[in-house]
1. For the range 360-459, what is the largest minus smallest coordinate of the Cα atoms on each principal axis, given in angstrom and ordered from greatest to least?
2. Antiparallel DSSP bridges in the chain: what percent, to the nearest 5?
3. I need R246, R267 ordered by Cβ neighbour count within 10 Å, fewest first.
4. Hey, rough spin-label estimate for D421 and A241, points 7 angstrom out along Cα→Cβ, what's it come to in nanometres?
5. Over every pair of different alpha-carbon atoms in the range 176-293, take the mean of 1/r and invert it; report that Kirkwood radius in Å.
6. So how tilted is helix 265-277 from the main axis of the chain? Cα-based, degrees 0 to 90, rounded to 10.
7. Work out from phi, with θ = phi - 60° and the Karplus expression 6.51 cos²θ - 1.76 cosθ + 1.60, the ³J(HN,Hα) of each residue of the range 179-188, listed in order in whole Hz, and give x for Gly and Pro.
8. What is the spin-label model distance, in nm, from E231 to A450 if the labels are put 7 Å beyond Cα along the C-beta direction?
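Every read-out reported here was derived from the displayed coordinates using simple, explicitly stated rules and does not represent laboratory data. Keep in mind it's a predicted model, so treat the numbers as computed, not measured. Cβ sites come from the backbone with ideal geometry, for glycine too, and all protein chains shown count toward neighbours.
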Amino acid sequence: MSKVYGNFIGGEWVACQSKKTFADYNPAHTKEIVAEFQDSGAPEVKSAIDAASGALDAWGRMQAPKRADFFRKAAEILRRRRDEAADALTREEGKNIGEARGEIDRGIALMSFYAGQWPALGGEMVPSFNEGRMLYTLRVPVGVVALITPWNFPAAIPMWKTLPALLCGNTVVLKPSSLAPHSSALFAEVLAEAGLPAGVFNMVTGGGREVGDVLVSDPRIRAISFTGSREVGKAIMRKVADRLIRVGLEMGGKNPMIVMDDANLDRAVEDTVVGAFWAAGHKCTATSRAIVTEKIHDQFVEKLVTRTKALRIGDGMDPKTEVCPVIDENQTKKILEYIEIGKKEGAKLLCGGERLKGGIYDEGCYVAPAVFAGLSPDMRTAQEEIFGPVVGVIKVKDFDEAMRVANNIEFGLSASISTRDLKTALEFARRSEAGIVHVNSPTAGLELQAPFGGCKESTSGYREMGKVALDFYSQIKTVYVDA
Ligand code: NAP
């Protein structure tokens, strides 16, 4: 029997009124239920917002160093439960156990990082034109914050939103992805064990429409931080426009890796493979376009195909696995449809792109990593986010054409260049229309102390992680004091 989790509301684990639950399945063995969760609706969203509203004043008044203390305790608890949390992550999301451990380690590091950020919550003394006047600013909470998260980083993303939100004195209602809510439930357990006061952090599971939509529509929600698809992000933005609240949206990408004539080719190939295929390409920062100069194009493609064909595809629980299963049947279908679209558009499929069969492959959703060549920049396969293990190679004449192709896209999340020339690298960093730019490293990969976020239609303009996240979750109040 799999464990049934309640919603976490007001410090208690509670069942939803309808008593309905839904299952979280293991993508490597799709018949295996990881755990069950409440199939909630409007009554549970209301209770969670009631609890968060009730806890807001006391939490906001608590001194910031005291709030930070809870994160220190949470980090200790999560460190102790690291292997359990990593196993749970791999079982619900599929990614390789090494990557899952890395994600939990990042969560622990986020807790320690934000525990140390309370001094950044100070305001400033401002000189006044008026004699005897004291003029200063305070950083105050925004209020009750709604957090809506996707399935691909089910542990790290809820943490990187929740921690700065709480540190700033807000209270939170989290709605995790229905495809991978287990990691969020473990996070709730960790916060509860750390002694976080009741109502400060609440989690409600259930569908996007039944929970997510109801949550963002409640007028008591004063800020929304959403990570997910562009379609849902835009719908949320439209829905709440009249309320003029803060809406932080982090959405998709179609991230380019430019490979120049002077690149270290083996390294460029490895960076492309890691960026495109690790975690089955289920990363908003995954490499989906390799833009390669003509002189080295054929050599690059040959090496890329050889390396891709040699990748070990399997259950993420096997430490030797390099490419894990796809999250579910729907995503598998979408990826296979894009493979057909690419072929019809005239791109050349050089390897992979088929559903794997036989042995363990029959138990899950496995797609062989695919390399397309001969992509032209305006094809759908070169413009639309596939979110699977597929990379397309686009041949270009030189750096200028590479930049035009890289930027000719509605998204702008991450971009990388492989070159040994410093001038080219710096010019790329300046001209790239992406929010995250790499030189000689994969498009995927981030450090939690640095700002994270995209440009163009990958974002609504805010940044997550690092110190800058505190700007989203707090507001500045200006105080004039005359004697
Ligand atoms: P999604 O389908 O947009 O879902 C994201 C979240 O929104 C889920 O919790 C979902 O709930 C919820 N939701 C769905 N419909 C909603 C509605 N009408 N109102 C409110 N909430 C709603 O995205 P996904 O498939 O989980 O994640 C993949 C996408 O996330 C990709 O596009 C990827 O690029 C993007 N992503 C971006 C970043 C970044 O930082 N830029 C990071 C990771 C992923 P249900 O699960 O219940 O449907």
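1. 49, 37, 28
2. That works out to approximately 40 percent antiparallel.
3. Working: R246 19, R267 13.
Fewest-to-most Cβ neighbours within 10 Å comes out as R267, R246.
4. Distance between the two pseudo-spin positions: 4.5 nm.
5. Result for the range 176-293 stands at 17.5 Å.
6. Between helix and principal axis, roughly 50 degrees.
7. Listing the rounded values in order: 7, 8, x, 5, 4, 5, 5, 5, 4, 4 Hz.
8. 3.3 nm
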